[in-house]
Amino acid sequence: MNTREVMNTNEISRAITRVAHEVLERNKGANDLVIVGIRTRGVYLAERLSAKIKEIEGIDVPVGIIDITLYRDDVKSGLSRHVVKKTEIPFSITDKKVILVDDVLYTGRSIRAAIDGLMDFGRPANIQLAVLIDRGHRELPIMADFAGKNIPTSYHESVKVMLKEEDEMDKVTVNSKQ
Amino acid sequence: MINKLKSKDLLGIKDLSPEEILLILDTAESLKEISTRDIKKVPALRGKTIINLFYEPSTRTRTSFEIAGKRLSADVVNISVSSSSVAKGETLKDTAKNLEAMNPDAVVIRHSSSGAPYFIAKILECSVINAGDGAHEHPTQALLDLLTIKERKKELKGLKVSIIGDITHSRVARSNIYAMKKMGMDVTVAGPSTLIPVDIKKMGVKVFTDLSKAIEGADVIIMLRIQLERQERGLFPSIREYSRLFGLNVEKLKNAKEDVMIMHPGPINRGVEISADVADGPYSLILDQVTNGVAVRMAILHLLTGGV
């Protein structure tokens, strides 16, 4: 297997800083913002984004967690077998601007599932998507509003995001089987 | 960590491994939140059909399975025997085969004969879930009891549990003893000696015929419903005597631990096995058990019929 590193810890940190500024600029500040991270690594990125916004703007933006297992479309095909984890959105999202956070945007199917899940919790003013990596190959009409890095990839490759909170280090790699 | 159950069916706790029990409890803890939403429904089992086939009366278990299925978007059909072809003499096997011809994904069965769920599980390709069979097992009750205890105590291992009442005829007791021993808990049973099986010690439990000894030092006390029809068969002299010796009241609780949990699978006979002030008191988790019943049954339905 061929592995190349595409982001290191500093680059990940800078990308989150830039995304935080872009979120604040687009939304004219942090009022009415909430952040929801998709399990597992989207949650850590969501927490980092919230901390960065606090640093810049001095406002605490609440962070929720969504588990999309119950909304997935790849379960019946046997593609995945996930253990259901808790969804924790301890605040109302109605009339809020929701920043949905995930690590890698690929087919868009996870995002579709997450949006369906969010809608069961209320009627947000809007939902914006922030991802660390956009690797292309969409299968649904979904795009990122904020992306840490665009990485063109082939179908044969996989993108692996490692974050300290889960993997003991910050790193993004592209792995190819060739 | 495992991510699925080995069998297509849930027939008894005896067949489950400790890892499988933990998977069910963890899944139930995750699914519990859905019941607190404004929109209490997720699409996980959309297009799945679940049949509740109840040969014995039930309020809690049947409703709980029905709500659990509906919260996961499954279609749930209830069959109660009094209004079905069973009343016309159809055999269990024929009923099961006919129901299967309508392509359900799971059949939830309660039956007065021990082993009835095993019997139809062998015939049917769909999942079969035991909702109580005779004096044999009631696995979802034991799982919801474990969930209720785990929520409060975090760790199950090493906890002391006392189960009080008619142990011989109780499928709740049997399933709980299997489950609790698998999870490394310390189980004591107590009741009139006529209502305790002779070889119960083989299941690894302590036996008392004195209530006060059984509740001393217990972290959890599970009171079983005394089935009033048993008295007619002479298994204990009178309801009043039973209540005096084995009924739980505030006075008898004085010897119990300060943070003791009181549970009861329901329906309760107020003033017989449990006094009203205990059933409604601060130590009682009887209604938490009912809430957790929905979460545990959602977990079972999801693990057995969702995905793969």
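The values are calculated or read from the model by the stated rules, or taken from the named source; none is laboratory data. All values derive from a computational prediction rather than experimental measurement. Counting neighbours? That spans all protein chains shown, and the Cβs are built from the backbone with ideal geometry, glycine included. The accessibility values were calculated without ligands, DNA or RNA, using every heavy atom of the protein model including side chains. Shrake-Rupley method; radii C 1.70, N 1.55, O 1.52, S 1.80 Å.
Rolling a 1.4 Å probe over the protein heavy atoms gives the stretch A:103-163 an accessible area of 45 Å² per residue.
Whole-Hz Karplus values for the stretch A:91-97 come out as 8, 6, 9, 4, 6, 8, 8 Hz, taken residue by residue from phi with 6.51 cos²θ - 1.76 cosθ + 1.60 and θ = phi - 60°; glycine and proline positions read x. If you run the Gaussian network model on chain B, springs between alpha carbon atoms under 10 Å, then out of B:G234, B:G184, B:G281 the most flexible one is B:G234. When you count the other C-beta atoms within 10 angstrom of each residue and take the mean per peptide, B:24-37, B:2-15, A:96-109 line up highest first as A:96-109, B:24-37, B:2-15.
What is the antiparallel percent of DSSP beta bridges lying wholly in chain B, to the nearest 5?
The antiparallel proportion sits near 5 percent.
Rounded to the nearest whole Hz, the Karplus-based 3J(HN,Hα) values (6.51 cos²θ - 1.76 cosθ + 1.60, θ = phi - 60°) of the stretch B:220-234 follow the sequence 9, 10, 9, 8, 9, 5, 8, 7, 4, 5, 5, 5, 4, 8, x, with x at glycine and proline.
Straight Cα distances below 20 angstrom link B:K88 to the lysines B:K97, with same-chain residues fewer than 8 positions distant left out.
With each label modelled as a point 7 angstrom along the Cα→C-beta vector, the A:H137-A:N150 pair spans 1.8 nm. Could you pull out the pairs from B:K48/B:K182; B:K4/B:K48; B:K6/B:K202 whose alpha carbons sit more than 23 Å apart here? From the list (B:K48/B:K182; B:K4/B:K48; B:K6/B:K202), the Cα-Cα distance tops 23 Å for B:K48/B:K182; B:K6/B:K202. The heavy atoms of A:V6 present about 20 square angstrom of accessible area, all protein chains included, probe 1.4 Å. Apolar share of the accessible surface for the stretch A:8-154: 48 percent from carbon plus sulfur atoms, 1.4 Å probe. Quick check: from the Cα gyration tensor, does the stretch B:1-97 come out rounded (a/c under 1.5), prolate or oblate? Oblate.
Order A:F121, B:F119, B:F65, most accessible first, counting only protein heavy atoms with a 1.4 angstrom probe. Numbers along the way, then the final one.
Values: A:F121 45, B:F119 90, B:F65 0 Å².
Per-residue accessible area, sorted high to low, gives B:F119, A:F121, B:F65.
Remark: mean inter-chain Cβ contacts per residue of B:1-11 equal 1, using a 10 Å Cβ-Cβ cutoff to other protein chain atoms. With the simple spin-label model, which puts each label point 7 Å out from Cα in the Cβ direction, the A:R18 to B:K153 separation comes to 5.4 nm. Taking each of B:K14/B:K93; B:K41/B:K157; B:K32/B:K181 in turn, the alpha-carbon distance tops 29 angstrom for B:K41/B:K157. In chain A, the calculated helix contribution to ellipticity at 222 nm averages -9000 deg cm²/dmol per residue, counting -39,500 (n - 2.57) for every DSSP H run with n ≥ 4. Among the protein heavy atoms, those of A:D67 account for about 10 Å² of accessible surface (1.4 Å probe, every chain in place).
Note on surface exposure: B:V86, A:V61 rank B:V86, A:V61 by accessible area, highest first, 1.4 Å probe. Placing B:Y55, B:Y242, B:Y118 in order of accessible area, with the largest value first and a 1.4 Å probe, yields B:Y118, B:Y55, B:Y242. Each chain gives up part of its surface: B and A jointly bury about 1700 Å² of accessible area, both sides summed, for a 1.4 Å probe. Interface burial in the stretch A:108-122, defined as at least 20 Å² less accessible area with all protein chains than with the chain alone at a 1.4 Å probe, covers A:D120, A:F121. Which residues does a label at A:E11 reach in the stretch A:122-155, if reach means a backbone N under 13 Å from a point 7 Å past the Cα toward the Cβ? Counting backbone N atoms under 13 Å from the label point, the list is A:133-134, A:148-152. Bridgeable aspartates and glutamates around B:K8 (alpha carbons under 12 Å apart, same-chain partners fewer than 8 residues away excluded): B:D105, B:E125. Rounded if a/c is under 1.5, else prolate if a/b beats b/c, else oblate: with a ≥ b ≥ c from the C-alpha gyration tensor eigenvalues square-rooted, which is the stretch A:8-154? Oblate.
Can you give the charge dipole size of chain A about its Cα centre, rounded to the nearest 20 debye, using +1 on the beta carbon of Lys and Arg and -1 on the beta carbon of Asp and Glu?
Computed charge dipole of chain A: roughly 340 debye.
Judged by the mean number of other Cβ atoms found within 10 Å, the most tightly packed of the peptides A:32-39, A:161-168 leads the ranking A:32-39, A:161-168.
Pairwise Cα distances in the stretch A:1-86 exceed 23 Å in 40 percent of cases.
Could you give the angle, 0 to 90 degrees to the nearest 10, between helix B:171-182's Cα long axis and the longest principal axis of the Cα atoms of chain B? The angle comes out near 90 degrees. Taking every DSSP beta bridge that has both ends in chain A, the antiparallel portion is near 35%.
A simple spin-label model places the labels of B:K206 and B:E19 3.2 nm from each other, with each point 7 Å out along Cα-to-Cβ. Pairs of Lys residues in the stretch A:8-154 are counted when their Cα atoms are under 23 angstrom apart and they lie 8 or more places apart or on different chains; the count is 16. Averaged over the residues of peptide B:26-33, the number of Cβ atoms from other protein chains lying within 10 Å of each residue's Cβ is 4. Only one residue of A:L105, A:H21, A:V36 has its Cα farthest out toward the positive end of the dipole of the stretch A:8-154, where Lys and Arg carry +1 and Asp and Glu -1 on Cβ, and that residue is A:L105. Test of understanding: extend the Cα→C-beta vector of B:E241 to 7 Å, then name every residue of the stretch B:158-197 with backbone N under 13 Å from that spot. So the set is B:192-195.
Accessible area per residue was computed with a 1.4 Å probe on protein heavy atoms; A:T94 scores about 60 Å². Using a cut-off of 12 Å between alpha-carbon atoms, which aspartates and glutamates can reach B:K40, once sequence neighbours fewer than 8 places away in the same chain are excluded? Within reach: A:D120.
Looking only at the protein assembly as shown, where both bridge partners belong to it, what percent of the DSSP beta bridges are antiparallel (to the nearest 5)? Antiparallel bridges make up about 20 percent of those DSSP assigns within the protein assembly as shown.
Counting only protein heavy atoms and using a 1.4 Å probe, what share of the accessible area of chain B belongs to carbon plus sulfur, as a whole percent?
51
Per residue, chain B exposes an accessible area of 43 Å² to a 1.4 Å probe, with every protein chain left in place.
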